[in-house]
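To start, the structure under review is shown below, and the notes come after it.
The values are calculated or read from the model by the stated rules, or taken from the named source; none is laboratory data. Since the structure is predicted, the reported quantities are computational estimates derived from the model, not experimental observations. So basically every Cβ, Gly included, is an ideal-geometry build from the backbone, and we count neighbours across all protein chains shown.
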Amino acid sequence: MIRYAQPLLDDSDIAAVAAVLRTPDLTQGEAIGRFERSVADYCGVPHAIAVGSATAGLHLACLALGLQPGQRLWTTPITFVATANAARHCGAGVDFIDIDRHTRNLSVDALAARLEVAAREDRLPAIVAPVHFAGAPCAMAAIAALAQRYRFRIVEDAAHALGARSEGAPVGAARHADCCVFSFHAVKIATTGEGGVVTTRDDALAARLRLLRSHGISRDPALLGEAHDGPWSYAQLALGFNSRMTELQAALGASQMRRVDAFVARRRALAARYDALLAGLPLRRPPANGDSAWHLYVIELAADARLAVYERMHAHGIGVNVHYMPLYRHPYHRDAGAAAACPAAETYYAGALSLPLHAALSDAEQDAVVAALRAALA
Ligand SMILES: *Cc1c(COP(=O)(O)O)cnc(C)c1O
């Protein structure tokens, strides 16, 4: 079976995890700080906060930015459910903004048009969460200009985009956002098994995120107040969670971070190879993008061909996949008006098929994927 995604681990990763297992500190030890610094340095950002998953990171980011019932978060419908659930967990509503037919990211034109209407109706979003779909960065400077004008906060969902570059800086630098959330799930660019990291330039937001990730508890003497009762004291200042990462995961993450550039270089080379191998076939290829981290390589087929191609490729052991059904089609997120308001997302989804793409994929395996696709299309 050739999977659509899988991690690439080597002996140095295994040794890093094994070293932690020989210490008594399986959580909240030195590896967390080391991992956080490795991500912060890689992205050129002052703060990186490791959490149990990107899902937890998105949720804590929305909470830390004050998202609450009665408010709304806007995002793209072509994303994983976690982006929208972050808002729902805060009791807030979600609206879906159509994608750009070319980039497949949230359309800045559609966003601007919806904001203009929402401003008139007093229904502006509190947060907009752009998703760097497939690893291709959104137009963050343009979105940040809209944020200035309409006073919303920005949470970048960069689950696909570790190692991507955005307008001359690494994704994660968060120059045009309040914060940026990476996933280290096993199918993503680099992995900790399960895990996430939030990056930000905002000192107060970073402190709030650290508080919320660990029960809302602080040991800072300056913050203890009435809870200061002795050297053992800590104070719960907010209603937080246990969203921490273990030392085993952090050690794996710090080890993987050394190879992010190599992982992304291999993904870019494979994407370019797909571009060449698929030329002339009856399908739409993803837009060429030298800045993308290439988490996914999504082709678009004729809508009436997709199911048969999917089934034939699986029968040949090729694990093609579909990313994503528009979120408003899920029973939980159902929004009757959204499909009509998102024609580009509907058209994209009708034909979308993700071909296997990961740093461990060999040229020979990729050739087998393309041969199976050719046969399936014939
Ligand atoms: C994977 C993913 C998430 C969630 O990441 P976890 O680390 O698995 O919680 C969020 N958003 C997008 C776009 C994703 O692909």
Item to complete: Could you tell me which numbered condition D95 fails, if it satisfies all but one of (1) surrounded by 18 or more Cβ atoms within 10 Å (Cβ to Cβ); (2) under 29 Å from P286 (Cβ atoms); (3) within 14 Å of the ligand (Cβ to nearest atom)?
Response: (3)
Worksheet item: Quick one: is A5 buried (at least 23 other Cβ atoms within 10 Å of the Cβ), within 16 Å of the ligand (Cβ to nearest atom) and of a type in the set (G, A, S)?
Response: no
Worksheet entry | V108 within 16 Å of the ligand (Cβ to nearest atom) and either among the hydroxyl-bearing types (S, T, Y) or crowded, with 18+ Cβ neighbours inside 10 Å (or both) | no
Discussion item. Suppose we keep only residues that are of a type outside the set (G, A, S) and under 12 Å from the mean Cα position of the chain (by Cα) within the range 180-196. Which one would you say is nearest to the ligand (Cβ to nearest atom)?
Written reply: H185
Fill in: Answer residue from the range 218-240, given it is surrounded by fewer than 17 Cβ atoms within 10 Å (Cβ to Cβ) and of a type in the set (A, V, I, L, M) and is modelled with the lowest pLDDT among those
A227
Discussion item. Scan the range 163-172 and tell me whether some residue there is surrounded by fewer than 24 Cβ atoms within 10 Å (Cβ to Cβ), within 16 Å of the ligand (Cβ to nearest atom) and either over 12 Å from the mean Cα position of the chain (by Cα) or of a type in the set (D, E, K, R) (or both).
Written reply: no
Worksheet item: Does the range 200-215 contain at least one residue that is within 15 Å of the ligand (Cβ to nearest atom), of a type in the set (V, I, T) and within 16 Å of G57 (Cβ to Cβ)?
Response: no
Worksheet, complete the sentence: Selection from the range 311-341 of residues more than 30 Å from V117 (Cβ to Cβ) and aliphatic (A, V, I, L, M) yields M313, A315, I318, V320, V322
Practice prompt. Just give me the residues in the range 148-164 being touching a Phe, Trp or Tyr at 6+ places or on another chain (Cβ under 9 Å) and among the aliphatic types (A, V, I, L, M), in sequence order.
Written response: A158, A159, A161, L162, A164
Worksheet item: Do any helices (runs of 4 or more DSSP H) entirely within the range 324-378 hold 3 or more residues that are closer than 21 Å to V131 by Cβ and out of contact with any Phe, Trp or Tyr (no Cβ under 9 Å at 6 or more places or on another chain), and if so, which?
Response: 343-351
Practice prompt. Look through V45, V39, V51 and report the one residue that is away from the ligand (no atom under 16 Å from the Cβ) and closer than 21 Å to P170 by Cα.
Written response: V45
